[in-house]
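Written below as structure tokens is the structure these notes are about.
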Amino acid sequence: MLIAPSLLSCDFSVFGGEIARVDQAGADWMHLDIMDGHFVPNLTFGAPIIKKLRKYTEKPFDVHLMISEPHRYIGDFADAGADIISFHTECDSDIDTTLRLIVERGVKPALAVKPNTPVDAVLPYLDRLYMVLVMTVEPGFGGQSFMADMMPKVTALKQEIAARGLHTLVQVDGGIARDTIAIAAKAGVDVCVAGTAVFGAPDAKEAIDELKALCK
């Protein structure tokens with residue numbers, strides 16, 4: 001199980017230091033949530049901020065675009081240092097075009113689905129994806145409760161990935177904590193995004209170590 005701390009929960013006044021802190025604490029990836037105030041009712045930050053943060057770690061930047069027209073900004077996020085870019089099946093951009101733009105820039109492509117979206121929405125693109133992100137909260141704000149009823153989506157995805165002989169990763173984002181990560185692990189999740197559970201803990205390394213131990 002890989003742990004990708006969600007920077008949405010960090011102290012933005014020391015953004016770079018927070019990345020360095022969870023890097024040293026054993027984070028596998030850095031999860032960066034990009035929100036436009038339109039696709040979801042919140043605003044975060046954009047590619048210029050990510051470019052400045054890139055120097056604080058060599059860990060992969062997992063960039064989650066919760067924006068209406070992701071195809072317009074793929075080049076910006078690729079230039080900023082994104083290693084993985086996920087965008088939503090529910091967005092206004094053409095999915096095929098957006099995936100092509102991501103791959104052309106040498107970035108790993110991923111598709112995300114909101115809780116009310118059937119997992120079937122990603123299946124036509126599965127062979128082209130590095131990862132599928134199953135949201136386990138409604139996207140937009142951190143600190144929400146984990147939706148365990150999303151786990152059948154994970155199971156269905158893992159079965160389809162295996163049936164096709166693929167190696168696509170499945171990620172979940174939302175409400176991951178000490179009391180929920182084992183549920184995700186049992187369903188077959190490969191990558192867990194954890195915000196408050198890491199940044200709200202007294203010791204980030206202990207928190208990450210415990211989350212990984214609870215998956216075994």
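Suppose all protein chains stay in the model; what accessible area per residue would a 1.4 Å probe give for the range 158-216, in Å²?
Numbers: 2870 Å² over 59 residues.
Solvent-accessible surface per residue comes out at 49 Å².
Under the simplified labelling scheme, the HIS167-LEU126 pair shows an inter-label distance of 1.8 nm, with each label point 7 Å from Cα along Cα→Cβ.
DSSP bridge analysis restricted to the chain gives an antiparallel fraction near 5%, rounded to the nearest 5.
Of the accessible area of the range 91-209, with the probe set at 1.4 angstrom, what percent is carbon plus sulfur? Before the final figure, lay out the partial values.
Working: 2720 of 5310 Å².
Here carbon and sulfur together make up 51 percent of the probe-accessible area.
Calculate the dipole size of the chain relative to its Cα centre from +1 charges on Lys and Arg beta carbons and -1 charges on Asp and Glu beta carbons; express the result in debye to the nearest 20.
Details: 20 positive and 29 negative charges, 83 e Å.
With only Lys, Arg, Asp and Glu charged at Cβ, the dipole is about 400 debye.
Summarising the overall dimensions of the range 104-216 from its C-alpha atoms, the Rg and Dmax are 14.3, 43 angstrom.
The alpha carbon centroids of the range 86-140 and the range 1-68 are separated by 18 Å.
For the range 16-123, compute Rh as the Kirkwood radius over C-alpha pairs and then the Stokes-Einstein diffusion coefficient at 25 °C and 0.890 mPa s; write the answer in µm²/s, rounded to an integer.
It comes out at roughly 172 µm²/s.
For the chain, modelled as a Gaussian network with Cα springs under 10 Å, which listed residue fluctuates most, GLY16, GLY106, GLY175? Sorting by GNM fluctuation, first place goes to GLY106. Where only DSSP H runs of four or more residues are counted, the chain gives -9000 deg cm²/dmol as its mean residue ellipticity at 222 nm, each run worth -39500 (n - 2.57). Along its three principal directions, the equivalent ellipsoid of the range 156-216 from the Cα gyration tensor extends over semi-axes of 26, 10, 9 Å, largest first.
What's the Kirkwood radius of the range 96-140 in Å, using all Cα pairs? About 11.3 Å for the range 96-140. Pairs spanning more than 32 Å between alpha-carbon atoms, out of LYS153/LYS212; LYS52/LYS216; LYS114/LYS216; LYS51/LYS186; LYS55/LYS205; LYS51/LYS153: LYS52/LYS216; LYS51/LYS186; LYS51/LYS153.
Using 0.36 nm per residue, how much length does the chain from ASP179 to GLU138 gain when fully extended, once their Cα-Cα distance is taken away? Each step should come with its number before you reach the end.
Working: separation 41, 0.36 × 41 = 14.76 nm, distance 1.91 nm.
Difference between extended and current length: 12.8 nm.
Based on Cα contacts under 8 Å between residues 6+ apart, the range 58-216 shows a relative contact order of 16 percent.
Taking K and R as +1 and D and E as -1, what net charge do the other residues with C-beta under 12 Å from the C-beta of LYS205 add up to? Please report the intermediate quantities before stating the final value.
Numbers: positive: ARG21, LYS212; negative: ASP23, ASP203, GLU206, ASP209, GLU210.
Charge balance in the 12 Å sphere: -3.
Taking the alpha carbon gyration tensor of the range 78-163, multiplying each eigenvalue by 5 and rooting it gives semi-axes of 22, 17, 12 Å, largest first.
On a per residue basis, the range 96-148 carries 44 Å² of accessible surface, using protein heavy atoms and a 1.4 Å probe.
Tell me, what are the semi-axes, in whole angstrom and largest first, of the equivalent ellipsoid of the chain as set by the roots of 5 times the Cα gyration tensor eigenvalues?
Values: eigenvalues 109, 94, 47 Å².
Semi-axes (√(5λ), whole Å): 23, 22, 15.
The values are calculated or read from the model by the stated rules, or taken from the named source; none is laboratory data. Just so it is clear, the model here is predicted, and its values are computed rather than measured. Counting neighbours? That spans all protein chains shown, and the Cβs are built from the backbone with ideal geometry, glycine included. Surface areas here come from the heavy atoms of the whole protein model, side chains and all, with no ligands, DNA or RNA. Shrake-Rupley method; radii C 1.70, N 1.55, O 1.52, S 1.80 Å.
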